[in-house]
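Here the structure is laid out as structure tokens; the discussion comes afterwards.
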Amino acid sequence: MEIATMGRVIVPATIENLNDVLQVQQGAFSPEGVRRVEVLDALVDTGATFLSMPQRLIRQLGLMRFRTRKAKTSGGLVEFGMYSIARLIVQGRECHVEVAELPDDCPVLIGQIPLEALDFVVDPIGQRLMGNPAHGGEHMMDMF
């Protein structure tokens, strides 16, 4: 009998400055002007809350810091910078989320809030994201 193992879930993601996207929709500049990063190895982290990104990528996107929040980490309470809204695109689904700052040596983390907004659940054995089975795998939201 083969033993199934569980492991990390890594996904490619595109992250864009939402303000840039809105400026394009208003005709202020062309789509080529949208600041974006393509991440091949974003880590799905159900222990994290937000979309969390290394500072260097936040700077590349031009996101603006608007507050500081405390977070419980394995090392105790730590303060993190919170940045303006980004558009996160994973497997053709998109959502808009605040971004939490991480040190530059950390990977991009996709936490609970974006997973809920994207309507994904984690298949730890298959090491993948899958559409929420409660919604037939389709991207939808609950309104009750």
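Nothing in this text is a laboratory measurement; each read-out follows from the coordinates by a stated rule. These figures come from a predicted structure and were not determined experimentally. As a convention, Cβ positions derive from the backbone with ideal geometry for all residues, glycine included, and neighbour counts pool all protein chains shown.
At-a-glance table
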item	result
Where a residue in the stretch 28-49 is over 14 Å from Gln127 (Cβ atoms) and touching a residue at least 40 places away in the same chain (Cβ under 8 Å) and its partner, wherever it lies, is surrounded by 15 or more Cβ atoms within 10 Å (Cβ to Cβ) and of a type in the set (Ser, Thr, Tyr), with Cβ under 7 Å and at least six apart	none
In the stretch 93-111, the residues that are surrounded by fewer than 20 Cβ atoms within 10 Å (Cβ to Cβ) and of a type in the set (D, E, K, R)	Arg93, Glu94, Glu98, Asp104, Asp105
Residue that is surrounded by the fewest Cβ atoms within 10 Å (Cβ to Cβ) [pool: residues in the stretch 47-70 that are of a type in the set (Val, Ile, Thr) and within 18 Å of Cys95 (Cα to Cα)]	Thr49
Criterion (touching a Leu at 6+ places or on another chain (Cβ under 8 Å) and basic (Lys, Arg)) met by exactly one of Arg87, Arg65, Arg69	Arg87
Neighbours by Cβ (under 6 Å, 6+ apart or cross-chain): first from the stretch 65-94, free of Cβ contacts under 8 Å to residues at least 12 places away in the same chain and more than 18 Å from Val108 (Cβ to Cβ); second of a type in the set (Asp, Glu) and assigned to a strand (DSSP E or B)	Lys70/Glu79
